[in-house]
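Have a look at the structure below before the remarks.
The values are calculated or read from the model by the stated rules, or taken from the named source; none is laboratory data. On a predicted model such as this, the values are computed, not experimentally measured, just so you know. In this analysis, Cβ positions are derived from the backbone assuming ideal geometry, glycine residues included, and neighbour counts consider all displayed protein chains.
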Amino acid sequence: PASMFYSEEFRCTVGHGYLRLCLNKRRETLGFPDYAPPKSATDALASVANSSNPMLHQYTRGYGHPRLVNALAKLYTTELQNPIDPMKNILISNGAYMCLYSAIHSLVDEGDEVVIIEPFFDCYEPMVRSAGGQPVFVPLRPSADDRSTTQNQRHRSAQDWRWDAEQLRAAFTPRTKMLIMNTPNNPIGKVFDSDELKLLAELCCKHDVLCLSDEVYEWLVYPGHRHRRIATLPGMWERTITVGSAGKTFSATGWKLGWSIGPEELIKHLQVVHRNCCYTCPTPSQEAVGIALEAELERRGTPECYFNALPTELLSKRDRLAELVESAGLPVYLPAGGYFMIVDISSLPEPPPATGSPDDPLGELRDARLVRWLTRERQLATIPCSCFYGQADRHLGENFIRLCFIKEDETIEQFGRGLLNWL
Ligand code: PMP
């Protein structure tokens, strides 16, 4: 098992891969689509493969292939309400993952504090630590009212996970260099509302802090909610790096292309790390994403535009999965965005103890024990939420597991049936 070759800090990430290997495909709810990307995107990739232009198979501009950065500049000039220069304000890297790495490793220095909102995408902490920074965690917690909501009442909502504003304010000190935030959030599916973003922006401006805004699920927002971009708030453009992902945008996580957008003064530092880590990203997939984005720009605002079609398609999957899980007696937090859903497992009996074996990448906490047991004994794959917290707060995740609903309808049904048979 790959996890053996990693320190404890990295084991959870590797654990995802470990679980995936032992599964019956149809019952896994791990974080990627199990169906094809839109035809417009796959056709674009095919057209590049068959193109008579040999240069599409050779190295391209290191900081981003021209066709792709030009399309992104058009798109984000509107989104960020700021004129985006394709050559100066954008860096294309190896997935949003490498964008995050370049930003953290170029902007965080030894001893800098970095405020991270929990639960968080699990690479933030090791990236900050490996840059010499000190993470300072501020948890979102489900409201007490929500926890008492019973199965027959309204669904609980991901929006009801909130931070303690005093704790958040206190997390910002003269040593704070950066805030890392993620909206729509993985794993809970919360979309930060305008008051929450205003508070974050106020704190960043007051303490002169940079903001790394991970917005990879930017197009996946469900009715009644709106994705707002912190870079558009007063005083924020000049201190914010907005991160997006082609893998999430076109349901093609294996394409591994991401973008960082921000002021030239910040992007130029990310470019140094990128240049010395990967130098350039694959030309064919950049050209294909450029073509696919051009097509979406043409049909922007129509229901056919993939940015609108995908959330429409996922809405019924979200609701069906919530219905199946709740009919098995487990409350869910209905996400406002993204493609993950949190399930409350606190009412379940105590899962078996951890094996303590070195090939066991998960820990002793309740969620981890349940996930391991579900995987091995019931062939149901889920993710334990404690791995989305820093060490000190890990217990906050132990009554929750994460499901993913960007899956074929049949996968969702089989997962639901597996759950019902078990409970
Ligand atoms: N940020 C978040 C919140 C994610 O969920 C993911 C992928 N699961 C990433 C970044 C990384 O995206 P990519 O695949 O483009 O590297």
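Can you say whether Gly329 is of a type outside the set (A, V, I, L, M, F, W, C) and touching a Phe, Trp or Tyr at 6+ places or on another chain (Cβ under 9 Å), as far as the supplied structure shows? Judged against the criteria, Gly329 is not a match.
Among the residues of segment 375-393, those identified as crowded, with 22+ Cβ neighbours inside 10 Å and at pLDDT 90 or above are Thr382, Ile383, Pro384, Cys385, Ser386, Cys387, Phe388, Tyr389. When you go through (1) outside any helix (DSSP H, G or I); (2) at pLDDT 95 or above one by one for Gly329, which number turns out not to apply? Unmet condition: (2).
Taking segment 196-304 as the region of interest, the strands (runs of 3 or more DSSP E) fully inside it that hold 1 or more residues being among the aromatic types (Phe, Trp, Tyr) are 258-261. Of all the numbered requirements in (1) away from the ligand (no atom under 16 Å from the Cβ); (2) of a type outside the set (D, E, K, R); (3) touching a Ser or Thr at 6+ places or on another chain (Cβ under 8 Å), Pro234 misses one, and that requirement is (3). Within segment 84-94, if we keep just the residues that are of a type in the set (A, V, I, L, M) and touching a Leu at 6+ places or on another chain (Cβ under 8 Å), the residue that is farthest from the ligand (Cβ to nearest atom) turns out to be Ile84. Looking only at segment 212-253, residues that are touching a residue at least 40 places away in the same chain (Cβ under 8 Å), among the small types (Gly, Ala, Ser) and farther than 17 Å from Thr183 by Cβ come to 4 in all. Screening Ser346 against (1) out of contact with any Phe, Trp or Tyr (no Cβ under 8 Å at 6 or more places or on another chain); (2) in a loop (DSSP other than H, G, I, E, B); (3) surrounded by 15 or more Cβ atoms within 10 Å (Cβ to Cβ) leaves a single unmet condition, (3).
Does segment 243-286 hold any residues that are crowded, with 24+ Cβ neighbours inside 10 Å and more than 12 Å from the ligand (Cβ to nearest atom), and which are they? Selection gives Ile261, Gly262, Leu270, His274, Gln286. Quick one: count up the residues across segment 308-343 that are more than 15 Å from Trp219 (Cβ to Cβ) and either away from the ligand (no atom under 16 Å from the Cβ) or of a type in the set (D, E, K, R) (or both). Going through segment 308-343 one residue at a time, the tally reaches 19.
Only one of the numbered conditions (1) in contact with a Gly (Cβ under 9 Å, 6 or more places away or on another chain); (2) among the charged types (D, E, K, R); (3) in contact (Cβ under 8 Å) with a residue 40 or more places away in the chain is not met by Arg129, and that is (1). Screening Val371 on (1) of a type outside the set (Ser, Thr, Tyr); (2) in contact with a strand residue (DSSP E or B) (Cβ under 9 Å, 6 or more places away or on another chain); (3) farther than 20 Å from Glu326 by Cβ shows it passes everything except condition (3). Criterion applied to Arg275, Arg318, Arg366, Arg299 was being among the basic types (Lys, Arg), free of Cβ contacts under 8 Å to residues at least 24 places away in the same chain and out of contact with any helix residue (DSSP H, G or I) (no Cβ under 6 Å at 6 or more places or on another chain), and the one residue passing it is Arg299.
Among the candidates Ala252, Ala201, Ala288, which residue alone is within 17 Å of Lys74 (Cα to Cα), at pLDDT 95 or above and in the same structural domain as Ala103 (by TED's automatic domain parsing)? Sole residue among the options that is within 17 Å of Lys74 (Cα to Cα), at pLDDT 95 or above and in the same structural domain as Ala103 (by TED's automatic domain parsing): Ala288.
Okay, residues lined up against (1) crowded, with 22+ Cβ neighbours inside 10 Å; (2) outside any loop (DSSP other than H, G, I, E, B); (3) within 16 Å of the ligand (Cβ to nearest atom):
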position: Leu68; (1), (2), (3): yes, yes, yes
position: Thr77; (1), (2), (3): no, yes, no
position: Asn82; (1), (2), (3): no, no, no
position: Ala96; (1), (2), (3): yes, yes, yes
position: Cys99; (1), (2), (3): yes, yes, yes
position: Ala103; (1), (2), (3): yes, yes, yes
position: Ser106; (1), (2), (3): no, yes, no
position: Val115; (1), (2), (3): yes, yes, no
position: Phe120; (1), (2), (3): yes, no, yes
